[in-house]
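The values are calculated or read from the model by the stated rules, or taken from the named source; none is laboratory data. None of the values given here were measured: they were computed from a predicted structure. We place every Cβ from the backbone using ideal geometry, glycine too, and count neighbours over all the protein chains shown.
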Protein chains: 2
Amino acid sequence: MAEKIGEFRKKLRIVDIMAGPDEGLGRVGQTLVVMGWVRTLRVQSSVTFIEVNDGSCLSNMQCVMDSDAEGYDQVEAGSIATGASIWVQGIVAASKGSKQKVELKVKKIIVLGKSDPSYPIQKKRVSREFLRTKAHLRPRTNTFGAVARVRNALAFATHKFFQEHGFVWVSSPIVTASDCEGAGEQFCVTTLIPNSGEAFDSPVDAIPKTKDGLIDWSQDFFGKPAFLTVSGQLNAETYATALSDVYTFGPTFRAENSNTSRHLAEFWMIEPELAFADLNDDMACATAYLQYVVTYVLENCKEDMDFFNTWIEKGIIDRLSDVAEKDFVQMTYTDAIELLLKTNKKFEFPVKWGCDLQSEHERYITEEAFGGCPVIIRDYPKEIKAFYMRQNDDGRTVAAMDMLVPRVGELIGGSQREERLEYLEARLDDLKLNKDSYWWYLDLRRYGSVPHAGFGLGFERLVQFATGIENIRDAIPFPRAPGSAEF
Amino acid sequence: MAEKIGEFRKKLRIVDIMAGPDEGLGRVGQTLVVMGWVRTLRVQSSVTFIEVNDGSCLSNMQCVMDSDAEGYDQVEAGSIATGASIWVQGIVAASKGSKQKVELKVKKIIVLGKSDPSYPIQKKRVSREFLRTKAHLRPRTNTFGAVARVRNALAFATHKFFQEHGFVWVSSPIVTASDCEGAGEQFCVTTLIPNSGEAFDSPVDAIPKTKDGLIDWSQDFFGKPAFLTVSGQLNAETYATALSDVYTFGPTFRAENSNTSRHLAEFWMIEPELAFADLNDDMACATAYLQYVVTYVLENCKEDMDFFNTWIEKGIIDRLSDVAEKDFVQMTYTDAIELLLKTNKKFEFPVKWGCDLQSEHERYITEEAFGGCPVIIRDYPKEIKAFYMRQNDDGRTVAAMDMLVPRVGELIGGSQREERLEYLEARLDDLKLNKDSYWWYLDLRRYGSVPHAGFGLGFERLVQFATGIENIRDAIPFPRAPGSAEF
């Protein structure tokens, strides 16, 4: 009575047919089946052209259909409209068109799912703003399909790079009751407010309170206030001081009310942490990482990168090739300030040692002073950097580094961590942070402390950098921003 | 003034020395440096043995030190205690011990970080419950180091499997205002409650309210109630109906107040979604996936698996090898009920067509009836399954499947999705779910609907299955459960 499971059946995808050096010519004469969504339909007097895309690559399969092919009645009935899904059986033939080497001479078509004329992704160009309101359909466009594939390649290249270098992936927690980074703009996570079904009609009075009228956290799920993580770094450090080299790759959150094209409320972050490592190791790792993933995308996403190069940012392939091959520039913050003071360029924000570098300064350095080469700036004033960064011997700077790239600006921020317990405690005192809540972080310095360093990289910034996509909301499938958590 | 970045310097790890067919013998005579944490120190009359671990593998490097080696004074001073981190330079020598092939004859030792006697991870055995209170130090134990490495291997194997089969990784959103699964036990995400610094002293009255005393969601970050996702499936479907085959691998959340060894409030889930696929494709994919990752771990984590086989679950290697090689059993729910009714075994929960299978039933089927072979049960009664599952022609079952494995029970749950708009709408009506809030999900059936199927797998269950670890809280770096969101 019990049956056995069959083989994992692999569909033939359009990329399987069209990719490869012969672009499908080796399959001429084969009968095969393609399944996908209709991009365009052109009915001509003698023949009908149907462009089908299955998302496996940018290219459509051009299906050429005579009126005697099986299922032609569906063309006549208007069922094969843009957006419809079809099953097509045909014979691969050399194409006369210039866009592709092969096409499919249709033997039989079946419409799997119709699409009515209200389908919002028609052939005509639509704005990215409009497409954000159709986030469930936008991956069916050329641009968003290409972004999704390049994003996927960048993610897999990230895992490959770290795995090949012996790093262990660690999932840092998303919900945390630990007051780690000295707060910042966090989202509260609670069950004191009812489930989604009832939330809209929920009275404030229904929230449990103590006799003093305060929120009664003892009744909350975690028994205390809990928040969405802003960074997995401190958690990653616990694993780096046990397994040596680790990395996180997971979502992080900022509740900053900034509606810009550079910020998301929910974004994915990559945070490697290296044990027995200093700032030089950290910079070398960040450089090797970026060169690796850029090379991976140039080699594995040629068609999509050509698309970005033509339609989104001219010259992006050359720019990325440069990044993959050339040495990055490295300089100290102090030298960077000197460079900025010497230039004749007028800045909106005045430059002075001790100030945080503004976007205009960063862009001048990487885009103008060094002609588009990534620049790593190190040894920032300690006052403008986080408590956990290692103090340099000069007493006024810390072993921090930022990697700046053209257009995107700061792509990577990292530092050597303060491994000396007494320095770390003093810094927490300076900043009036509560040492008790860092008990476990300080334990890492009490028991077998080691020099260690790491960096953080916002994954969507990397997607922007690699694709030329201008607005970060188009670099993630479902963007979250103030007032917007749809889908 | 600007310097160039150096090569990405790769440390020599203990695994680099000890792994490989000769277990390090090829390096005998080489002088090299190892960095790690002291596991044990044994001072004997003529010689001192120091076991060092760097987390790259289970094995320690045995360092043998004469009293004339540089840095021996640190042994005498008690600085080289369990937990301390050290830098050791020495010559690789063949080992006389039976535990390892090579050891390090110490030339020089430097203590990088001392460890005082309060260090909680001493040589003596400690309970896993205790170690959960030291989640920042537990990866330094044999068990948790091995779990971390196998978890890492399972994660990478997951990406490799799907990438090799042409799936695109999609990050489904974590925060969502979309009332997707008909609620369930969700966490609310809000900025109406202050940041962590002030949360403890926050009065309920400070929460903004409408004139009717209801929570004023218009003032919240997203302008409406928002929740942590319970599943990325519906979002993944939007990408599957554009890119064909996709998968998610990200955190999901359940606010169920269940303090069991099988549940976490925050866990990682893998959710592939296959376009142009039915339930048979889905089962075949789930089978191929599980066999792939199990094989990967058996091949790439031999030492850690030997450890689990000896200390955690005897026979786990044979069990996993069986899973990797043998065909899985497949049967319908109706047949499974018949099987359960026929057995003489007494169950706590009575068996009847229409009931949900309980853990005792599932374990009987996979552990007893089929002798430890994974069993896939398909075609469940529609009343006990989710609204989006495809109705079978019999009108009373849906094309759903669960994969049961010994000990863990349900490891995978999946289904073919209802691609027919009219059936889906009728089902939403039946269940009194609000059709308007599914507008975008229904759009996928309005525009180019396709047969598609997918499944979900709780990653920590997979870690339990592959390691034999009994409590799910030990299968994730920082477990979240009722009353516990530490670290």
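A few points about this structure:
- Flag for A:Y438 being within 14 Å of chain B (Cβ to nearest Cβ), within 22 Å of A:A177 (Cα to Cα) and not charged (D, E, K, R): yes
- None of B:F161, B:F156 is more than 7 Å from chain A (Cβ to nearest Cβ) and modelled with pLDDT of 95 or more except B:F161.
- Screening A:Q122 on (1) surrounded by 18 or more Cβ atoms within 10 Å (Cβ to Cβ); (2) not in a strand (DSSP E or B) shows it passes everything except condition (1).
- One residue stands out in segment A:289-301 among those that are in contact (Cβ under 8 Å) with a residue 40 or more places away in the chain and part of a helix (DSSP H, G or I): the one that is surrounded by the fewest Cβ atoms within 10 Å (Cβ to Cβ), namely A:N300.
- Selection within segment B:330-354: residues that are aliphatic (A, V, I, L, M) and touching a helix residue (DSSP H, G or I) at 6+ places or on another chain (Cβ under 8 Å). The member of this set that is surrounded by the most Cβ atoms within 10 Å (Cβ to Cβ) is B:A336.
- So B:V230, is it within 7 Å of chain A (Cβ to nearest Cβ) and aliphatic (A, V, I, L, M): no
- Candidates B:R480, B:R461: the one that is of a type in the set (K, R) and buried (at least 24 other Cβ atoms within 10 Å of the Cβ) is B:R480.
- Selection status of A:F156, assigned to a helix (DSSP H, G or I) and either surrounded by 23 or more Cβ atoms within 10 Å (Cβ to Cβ) or touching a Leu at 6+ places or on another chain (Cβ under 6 Å) (or both): no
- Residues of segment A:98-119 that turn out to be of a type outside the set (D, E, K, R), part of a loop (DSSP other than H, G, I, E, B), at the interface with another protein chain (Cβ under 10 Å from one of its Cβ atoms) and surrounded by 15 or more Cβ atoms within 10 Å (Cβ to Cβ), as a count: 1
- Residue in segment A:164-194 that is nearest to A:K432 (Cα to Cα), counting only those that are facing chain B (nearest Cβ under 7 Å) and among the aliphatic types (A, V, I, L, M): A:A183
- Breaking point among (1) touching a residue at least 60 places away in the same chain (Cβ under 8 Å); (2) at negative phi, for B:L357: (1)
- Filter result for A:D304 (of a type in the set (D, E), under 30 Å from A:V450 (Cα atoms), within 13 Å of another protein chain (Cβ to nearest Cβ) and in contact (Cβ under 8 Å) with a residue 60 or more places away in the chain): no
- The number of residues in segment B:277-295 being more than 8 Å from chain A (Cβ to nearest Cβ), over 18 Å from the mean Cα position of the chain (by Cα) and not hydrophobic (A, V, I, L, M, F, W, C) comes to 2.
- Complete set of residues in segment B:262-288 that are part of a helix (DSSP H, G or I) and among the acidic types (D, E): B:D281, B:D282
- Listed by first and then second residue, the pairs with beta-carbon distance under 6 Å, at least 6 apart or on different chains, first residue in segment B:446-474 and within 11 Å of chain A (Cβ to nearest Cβ) and within 22 Å of B:A284 (Cβ to Cβ), second part of a strand (DSSP E or B) and not hydrophobic (A, V, I, L, M, F, W, C), are B:V450/A:S85; B:V450/A:G113; B:H452/B:R417.
- Close pairs (9 angstrom Cβ cut-off, 6 or more residues apart or separate chains): under 19 Å from B:G454 (Cα atoms) and at pLDDT 95 or above in segment B:417-440, among the aromatic types (F, W, Y) and part of a helix (DSSP H, G or I) anywhere: B:L424/B:Y438; B:L424/B:Y441
- Note on segment A:82-97: residues that are in a strand (DSSP E or B) and either out of contact with any helix residue (DSSP H, G or I) (no Cβ under 6 Å at 6 or more places or on another chain) or within 14 Å of another protein chain (Cβ to nearest Cβ) (or both) amount to 9.
- Looking only at segment B:13-65, and only at residues there that are within 13 Å of another protein chain (Cβ to nearest Cβ), not aliphatic (A, V, I, L, M) and not in a loop (DSSP other than H, G, I, E, B), the one that is nearest to B:K123 (Cα to Cα): B:R39
- If only residues of segment A:235-276 that are under 20 Å from A:E410 (Cα atoms) and acidic (D, E) are counted, the one that is nearest to the other protein chains (Cβ to nearest Cβ) is A:E266.
- Matching residues, segment B:386-405, being surrounded by fewer than 21 Cβ atoms within 10 Å (Cβ to Cβ) and within 20 Å of B:S359 (Cα to Cα): B:A386
- Filtering B:E70, B:E76, B:E51 for residues that are surrounded by 13 or more Cβ atoms within 10 Å (Cβ to Cβ), more than 30 Å from B:D306 (Cβ to Cβ) and out of contact with any Phe, Trp or Tyr (no Cβ under 8 Å at 6 or more places or on another chain) leaves a single hit, B:E70.
- Enumeration of residues in segment A:262-273 that are over 24 Å from A:E419 (Cβ atoms) and either at pLDDT 95 or above or more than 16 Å from the chain's Cα centre (by Cα) (or both): A:L264, A:A265, A:E266, A:F267, A:W268
- Flag if A:L137 is more than 14 Å from chain B (Cβ to nearest Cβ) and buried (at least 21 other Cβ atoms within 10 Å of the Cβ): no
- Some residue of segment B:328-347 being assigned to a loop (DSSP other than H, G, I, E, B), within 14 Å of chain A (Cβ to nearest Cβ) and under 24 Å from the mean Cα position of the chain (by Cα): yes
- Qualifying position, being touching a Pro at 6+ places or on another chain (Cβ under 6 Å), assigned to a loop (DSSP other than H, G, I, E, B) and not small (G, A, S), among A:F478, A:F487: A:F478
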